[in-house]
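The values are calculated or read from the model by the stated rules, or taken from the named source; none is laboratory data. Please read all numbers here as calculations on a predicted model, not as lab measurements. Backbone-built Cβ (ideal geometry, glycine too); neighbour counts: all protein chains shown.
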């Protein structure tokens, strides 16, 4: 009997990462560091990974996608890609937070800390009840459990967490933002659309 194939991917930081699981077995993974260009690279990167593992888009059963917090544009790229793939392939897509993916398989309690831009860090504590993700400088981190080193890369953690959640109905993937966007919406009133 064929094991379900789970694709996990993330573009929430200066990278483009993907992983493919067959059941609990990692078939393939890739991680490319990049400051920009994730939108152009994501689909070719996944296509190359699927080809190397002898699978295709139509073989996929589940998508896990990184929802941040992280880079605004990067998060939107991944979430839009996951929603589009889920619709076209008629399979579920599940959004997974950055810290949650990196905490996969770690003993609890633990704290995940991820460096962001501008000397800021994403942190989240995991125990009986996980805290909400938060942002702070290194000096502003509150006392808490010991900082843990992830067992899995971001994309594999996303795929494994999505697989665990797939037995329950999940909301559509949506970005997790900790602060407002740097760009402001236009102040001008939009054009009138005629019927």
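Give the residues of segment 35-64 that are farther than 14 Å from residue 20 by Cβ, out of contact with any helix residue (DSSP H, G or I) (no Cβ under 9 Å at 6 or more places or on another chain) and at pLDDT 95 or above, sorted by residue number. Hits for segment 35-64 are 37, 40, 41, 44.
Does residue 101 satisfy the condition of being closer than 21 Å to residue 5 by Cα, touching a residue at least 24 places away in the same chain (Cβ under 8 Å), crowded, with 18+ Cβ neighbours inside 10 Å and under 10 Å from the mean Cα position of the chain (by Cα)?
Details: closer than 21 Å to residue 5 by Cα: yes; touching a residue at least 24 places away in the same chain (Cβ under 8 Å): yes; crowded, with 18+ Cβ neighbours inside 10 Å: yes; under 10 Å from the mean Cα position of the chain (by Cα): yes.
In short, yes.
Considering only residues in segment 128-153 that are closer than 30 Å to residue 28 by Cα and either part of a loop (DSSP other than H, G, I, E, B) or out of contact with any strand residue (DSSP E or B) (no Cβ under 8 Å at 6 or more places or on another chain) (or both), the one that is modelled with the lowest pLDDT turns out to be 130. Among residues that are touching a residue at least 24 places away in the same chain (Cβ under 8 Å) and on the phi > 0 side of the Ramachandran plot, residue 95 is not included. So is residue 51 free of Cβ contacts under 8 Å to residues at least 40 places away in the same chain, surrounded by fewer than 16 Cβ atoms within 10 Å (Cβ to Cβ) and either closer than 25 Å to residue 123 by Cβ or in contact with a strand residue (DSSP E or B) (Cβ under 8 Å, 6 or more places away or on another chain) (or both) or not? It is false that residue 51 is free of Cβ contacts under 8 Å to residues at least 40 places away in the same chain, surrounded by fewer than 16 Cβ atoms within 10 Å (Cβ to Cβ) and either closer than 25 Å to residue 123 by Cβ or in contact with a strand residue (DSSP E or B) (Cβ under 8 Å, 6 or more places away or on another chain) (or both).
Restricting attention to segment 108-127, and to residues there that are out of contact with any strand residue (DSSP E or B) (no Cβ under 7 Å at 6 or more places or on another chain) and within 17 Å of residue 13 (Cα to Cα), which single residue is surrounded by the fewest Cβ atoms within 10 Å (Cβ to Cβ)? Among residues in segment 108-127 that are out of contact with any strand residue (DSSP E or B) (no Cβ under 7 Å at 6 or more places or on another chain) and within 17 Å of residue 13 (Cα to Cα), the one surrounded by the fewest Cβ atoms within 10 Å (Cβ to Cβ) is 118. Within segment 103-126, the residues that satisfy the criterion of being at pLDDT 95 or above and assigned to a loop (DSSP other than H, G, I, E, B) are 103, 104, 105, 106, 107, 108, 109.
Number of residues in segment 73-90 that are over 19 Å from residue 35 (Cα atoms), over 11 Å from the mean Cα position of the chain (by Cα) and buried (at least 19 other Cβ atoms within 10 Å of the Cβ): the value is 2.
Residue 21 versus (1) surrounded by 16 or more Cβ atoms within 10 Å (Cβ to Cβ); (2) outside any helix (DSSP H, G or I); (3) within 14 Å of the chain's Cα centre (by Cα); (4) modelled with pLDDT of 95 or more: which is the lone unmet condition? Every condition holds for residue 21 apart from (3).
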